[in-house]
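Everything below concerns the one structure shown next.
FYI, it's all coordinate maths here, none of it is from the lab. These numbers come from a predicted model, not from an experiment. Because the Cβ atoms are built from the backbone with ideal geometry, glycine has one as well, and the counts that use them run over all protein chains shown.
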Amino acid sequence: MRAYREVKLVIYDCDGVMFESRRANLAYYNFILDKFGKPPIDEKDPLLTHIAHTHTGKQVIDILFKEDTRLDEVHKFTGRLDYTPYLQYMEIEPGLIEMLELLKDNYYVAIATNRGSTLQTILHRFDLEKYFHYSVTSLDVKMPKPDPECLLKILEHFKLSKEAALYIGDSEIDLETAKNGGVAFIAYKNSMSTPLKIMTHPELKGILGL
């Protein structure tokens with residue numbers, strides 16, 4: 001494997017890469033479903049659990065309440081809902097802090113996520129704000145992933161070329177986002193058809209030649 005020594009910017013997805021957050025996301029959406037008298041998402045339903053993990057909050061609600069006349073009411077309710085009670089179900093991925101400590105003084109480090117306003121709550125709660133120079137959420141773009149706007153916005157912020165960045169993600173949506181933006185992609189804990197894969201965060205050192 002060649003070392004990507006020309007890289008100056010490392011971009012992380014949030015859910016599934018920085019955090020194991022499936023329990024938190026399911027608890028959050030199941031609370032909303034319960035409030036409106038709907039059955040919970042079955043943890044064994046691969047499609048809905050994947051959607052809850054990778055899509056924007058608005059997209060998830062639109063899918064869960066498709067053809068429901070209360071959709072606008074649900075969106076208003078979720079807009080007021082505090083995500084803090086669900087942070088207890090989130091777990092930082094092993095080795096992430098170690099890798100961020102190594103990166104912070106030598107690389108630009110950013111986040112590109114389909115999360116919305118909850119990202120800053122999460123970064124503050126887990127004391128991760130100091131590691132990231134910039135972040136782009138679904139609220140900062142016109143089109144969420146897999147549209148590459150989030151990656152292009154980050155590149156523009158740092159005045160860097162596509163060749164100077166790596167994007168670490170765990171889903172096909174992340175892979176498609178990277179392809180659409182022309183940014184090299186690293187699959188995290190996923191057997192996707194892509195040349196760069198890591199199962200642990202410290203493995204990134206080998207790719208960067210550290």
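General observations
- Peptides 166-172, 199-205, 68-74 ordered by packing proxy, namely the average of other Cβ atoms within 10 Å per residue, highest first: 166-172, 199-205, 68-74.
- Relative contact order [Cα under 8 Å, 6+ residues apart], region 126-210, whole percent: 20 percent
- A simple charge model with +1 on the Cβ of Lys and Arg, -1 on the Cβ of Asp and Glu and nothing else charged puts the dipole of region 22-88 at about 160 debye relative to its Cα centre.
- Calculated mean residue ellipticity at 222 nm for the chain: -11000 deg cm²/dmol, from DSSP H runs with n ≥ 4 weighted as -39500 (n - 2.57), summed, divided by the residue count and rounded to 500.
- Which label in [x] 1.59; [y] 1.16; [z] 1.03 gives the computed Cα Rg over 2.2 N^0.38 Å: [z]
- MET99, MET143 arranged by Cβ crowding within 10 Å, fewest neighbours leading: MET143, MET99
- Approximate spin-label separation LYS38-LYS142, in nm, with each point projected 7 Å along Cα-to-Cβ: 2.9 nm
- The chain: relative contact order in percent, alpha carbon pairs under 8 Å with at least 6 residues between: 27 percent
- Under 18 Å from the Cα of LYS179 - lysines, other chains or at least 8 residues apart: LYS145, LYS153, LYS162, LYS197
- The lysines whose alpha-carbon is closer than 19 Å to the alpha-carbon of LYS159, local same-chain residues fewer than 8 away aside, are LYS8, LYS104.
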